[in-house]
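See below for the structure under consideration.
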Amino acid sequence: MQQNKKTLIVFSGDLDKALAAFIIANGAAAMGSEVTMFFTFWGLNILRRAKGVHVKKSFLERLFGSMMPRGANKLGLSKLNFGGLGAKLMKFIMKQKNVNTLPELIEQAQALGVKMVACSMSMDVMGIRPEELIEGIEYAGVATYLGEADEANVNLFIG
Amino acid sequence: MQQNKKTLIVFSGDLDKALAAFIIANGAAAMGSEVTMFFTFWGLNILRRAKGVHVKKSFLERLFGSMMPRGANKLGLSKLNFGGLGAKLMKFIMKQKNVNTLPELIEQAQALGVKMVACSMSMDVMGIRPEELIEGIEYAGVATYLGEADEANVNLFIG
Amino acid sequence: MQQNKKTLIVFSGDLDKALAAFIIANGAAAMGSEVTMFFTFWGLNILRRAKGVHVKKSFLERLFGSMMPRGANKLGLSKLNFGGLGAKLMKFIMKQKNVNTLPELIEQAQALGVKMVACSMSMDVMGIRPEELIEGIEYAGVATYLGEADEANVNLFIG
């Protein structure tokens, strides 16, 4: 186990929880930690490209995909979302207060060398293809997560 | 602290989060870790037997119990559940893709020696009796959890 | 890293998750651990005073504040809340069973020396002022959290 390694499982695809995950990840990376974020289930939506990509999908995969937010700019809040109004309000307030937006935090994470891994098994279940996710992502399963968690001193599940 | 011990608090009773918890737990156990899962609050619903069991309960306990899902096959999704339709859809897709179902993962966990502990205090509050839970479960409180977490190198809260 | 230090990020402002957080925190403190709880986003609502306090706020801050529960007695359940009825029912049952209420658990935490820290960045975003929170709280950011997590052997995210 190293003092300077952290892992985060990002299970949630809610804006507020995604913000918390990236604020922790970027803070740790800025302080010299090696950080790995594992995006699984709804958390994969954070990594989706804003524009639809032409990929072959079954009807159910397409249905599932169409019901989920497409990327960091489309996420809702876990509470007080009111059909997206709450998320818009929070983003407006964050801009006013000069707090980084989620897309900025993601860019920052990549610049800081935070490793972002998409869970290949959830991608399969949810019918999400690598082409639909932003660049700079790795793909792996639970064994990779566990190997990294074993070496880390802080492991969080953002659910 | 041992390199090969993990604990998971399973607070959530949502199908998607329960799947994540068991995939992590079973993966760790398969890789040689000692794993303990603590089921508390809504997480207790994962362990409920599908069939109602005759036990003495107060009116409120009975009311509470009747509003909560009875076991791993009845859980809903934390998002896009649409009154159970989302959960059915996800189970259908998982079957198509040959991914293990939650009841299979629970069986697998027991075969792998994952220790499953039900939180006795939440059982008391929610009016759930040991007879209502599946076999092979232990019963303990927060002190037991903390003792195990102190010996583990990965501790997650699945909330 | 010390065997006897724990940190909890309390992101959720739901009654059930707040109860779980304080039961873990107080249990650990009673068993001799140094415990720090970081309250962020919705978790800040747990620390709000029941009575409104006269502070200068923008219209949006006031709006946001008015939609969120004011303190430990006003929180809802994450499931089966039914507009507060579920939370009332759970509090009634807990009283019947002589389980500590959330306000009692908070008092107990303070008596046991649990350090309670409010996230200054979320306070800024959500427009919550220090005067609006209960006494005995510290204020800090993510760097402080990470410093403490590095020294702890159990770190949980209650989301």
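The values are calculated or read from the model by the stated rules, or taken from the named source; none is laboratory data. Keep in mind that what you see is a predicted model, and the values were worked out from it rather than measured. In this analysis, Cβ positions are derived from the backbone assuming ideal geometry, glycine residues included, and neighbour counts consider all displayed protein chains.
Annotation: of all residues in the stretch C:91-134 being outside any loop (DSSP other than H, G, I, E, B) and of a type in the set (Ser, Thr, Tyr), the one that is farthest from the other protein chains (Cβ to nearest Cβ) is C:Ser120. Quick one: would you say A:Gly86 is at pLDDT below 95 and under 24 Å from C:Lys79 (Cα atoms)? Answer is yes for this residue. Any residue that is within 11 Å of another protein chain (Cβ to nearest Cβ), touching a Pro at 6+ places or on another chain (Cβ under 6 Å) and free of Cβ contacts under 8 Å to residues at least 60 places away in the same chain - is there at least one of those in the stretch A:82-90? The answer is no; no qualifying residue exists. As for the stretch B:43-60, it holds at least one residue that is among the aromatic types (Phe, Trp, Tyr), free of Cβ contacts under 8 Å to residues at least 60 places away in the same chain and outside any strand (DSSP E or B).
Number of residues in the stretch C:106-159 that are among the β-branched types (Val, Ile, Thr), surrounded by 17 or more Cβ atoms within 10 Å (Cβ to Cβ) and within 15 Å of the chain's Cα centre (by Cα) equals 6. Total residues in the stretch C:56-67 satisfying the condition of being surrounded by 15 or more Cβ atoms within 10 Å (Cβ to Cβ) and within 11 Å of chain A (Cβ to nearest Cβ): the figure is 2.
Residues that are in contact with a strand residue (DSSP E or B) (Cβ under 6 Å, 6 or more places away or on another chain) and closer than 22 Å to B:Ala20 by Cα within the stretch B:143-159 comprise B:Tyr145, B:Glu148, B:Ala149, B:Ala152, B:Val154, B:Asn155, B:Leu156, B:Phe157, B:Ile158, B:Gly159, listed in sequence order. Among the residues of the stretch B:22-42, those identified as more than 9 Å from chain A (Cβ to nearest Cβ), of a type in the set (A, V, I, L, M) and assigned to a helix (DSSP H, G or I) are B:Ala25, B:Ala29.
Per-residue answers, yes or no, for (1) crowded, with 21+ Cβ neighbours inside 10 Å; (2) of a type in the set (A, V, I, L, M); (3) under 18 Å from B:Tyr145 (Cα atoms):
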position	(1), (2), (3)
B:Lys6	yes, no, yes
B:Leu15	yes, yes, no
B:Phe22	yes, no, yes
B:Gly32	no, no, no
B:Thr36	yes, no, yes
B:Trp42	yes, no, yes
B:His54	no, no, no
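Within the stretch A:68-81, the set of residues being more than 9 Å from chain C (Cβ to nearest Cβ), under 21 Å from C:Asp14 (Cα atoms) and not aliphatic (A, V, I, L, M) comprises A:Gly76, A:Asn81.
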